[in-house]
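The values are calculated or read from the model by the stated rules, or taken from the named source; none is laboratory data. Given the structure is predicted, the values throughout are model-derived calculations rather than measurements. Glycine gets a Cβ as well: all are built from the backbone with ideal geometry, and neighbour counts include every protein chain shown.
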Amino acid sequence: MNTPVTMERIAEASLRPRARITGVVYLLYFLTAILGEFFLRGLVVDGDAAATATNILAHESLFRMGLATGLIATAFYIAVTARFYDLFKPVNRSLSLLAAFFSLVGCAILAFSSLFQLAPLVVLGGSQYLSVFRVEQLRALALMFLELNTQAGNICVVFFGVYCLLIGYLIFRSAFLPRILGVLMALAGLGWLTFLSPPLANYLSPYILILGFLAELSLMLWLLVMGVNVQQWKEQVSEAGGYQ
């Protein structure tokens, strides 16, 4: 029978490779998210329903791959969220759980919004029952669904902003990761929260995107290359009353 002490030793022994596995999953999220954006690049033309419909129909396979890759990226981020919850439990179990909740809500919104991204393929698919609509109306509907997808994305970014803010705090309070990573994540979270005011977010968008990318990339690379300070993690586990 495994005692609490034995379980703690098992957790400690496996912590460094687990942290690196978290970095690998994080990297897979980055790669799939970037690839998804690459597939969709240039297909949607703001304010031009006709051009957008033409692009989607002409490059339907790319559009579908972008949608599928985006869903895979969301799945990877759910895995990252679960691993971060496990990693930061010794720092503050309640805050780690709260952070995971905000991230999972954001992921759920993002996954649901993929229906809006899929809808243009249905609207523009040429089914017989859609013949009651004029071509212009169908194109407008397709663009409207894509706009709803964008709006849903803005909403999920707010939840990710809270998540990054909490993760930043947990990193800063931890002794097993550099505090600068926590500062960067917290600043990125504040940047994502500007999406509460879309005009402000659009104005600051280049800076927000750079800061967010830099913060998450730095954390991912640190976990992938350096891992965590096992001794410091062990001490925080002891202070928290053991690993659970």
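Structure data summary
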quantity: Failed condition for residue 9, given (1) modelled with pLDDT of 95 or more; (2) more than 24 Å from residue 222 (Cβ to Cβ); calculated: (1)
quantity: Index of the failed condition, residue 108 passing every other in (1) farther than 30 Å from residue 18 by Cβ; (2) without any contact (Cβ under 8 Å) to a residue 40 or more places away in the chain; (3) within 23 Å of the chain's Cα centre (by Cα); calculated: (1)
quantity: Pick from the stretch 164-190, criterion assigned to a loop (DSSP other than H, G, I, E, B) and not aromatic (Phe, Trp, Tyr), ranking: surrounded by the most Cβ atoms within 10 Å (Cβ to Cβ); calculated: 177
quantity: Number of the exception - residue 206 against (1) surrounded by 14 or more Cβ atoms within 10 Å (Cβ to Cβ); (2) more than 30 Å from residue 231 (Cβ to Cβ); calculated: (1)
quantity: Residue check for residue 161: buried (at least 22 other Cβ atoms within 10 Å of the Cβ), under 22 Å from residue 215 (Cβ atoms), of a type outside the set (D, E, K, R) and in contact (Cβ under 8 Å) with a residue 24 or more places away in the chain; calculated: yes
quantity: Failed item in (1) of a type in the set (A, V, I, L, M); (2) modelled with pLDDT of 95 or more; (3) out of contact with any Cys (no Cβ under 6 Å at 6 or more places or on another chain), with residue 124 passing the rest; calculated: (2)
quantity: From the options 200, 181, residue that is at pLDDT 95 or above and out of contact with any Pro (no Cβ under 7 Å at 6 or more places or on another chain); calculated: 181
quantity: Tally, over the stretch 198-230, of residues that are free of Cβ contacts under 8 Å to residues at least 12 places away in the same chain and in a helix (DSSP H, G or I); calculated: 9
quantity: Residue pairs meeting the criteria (Cβ under 9 Å; at least 6 apart or on separate chains; first touching a residue at least 60 places away in the same chain (Cβ under 8 Å), in the stretch 28-56; second not in a helix (DSSP H, G or I) and not β-branched (Val, Ile, Thr)); calculated: 52/43; 52/46; 53/124; 56/43; 56/124
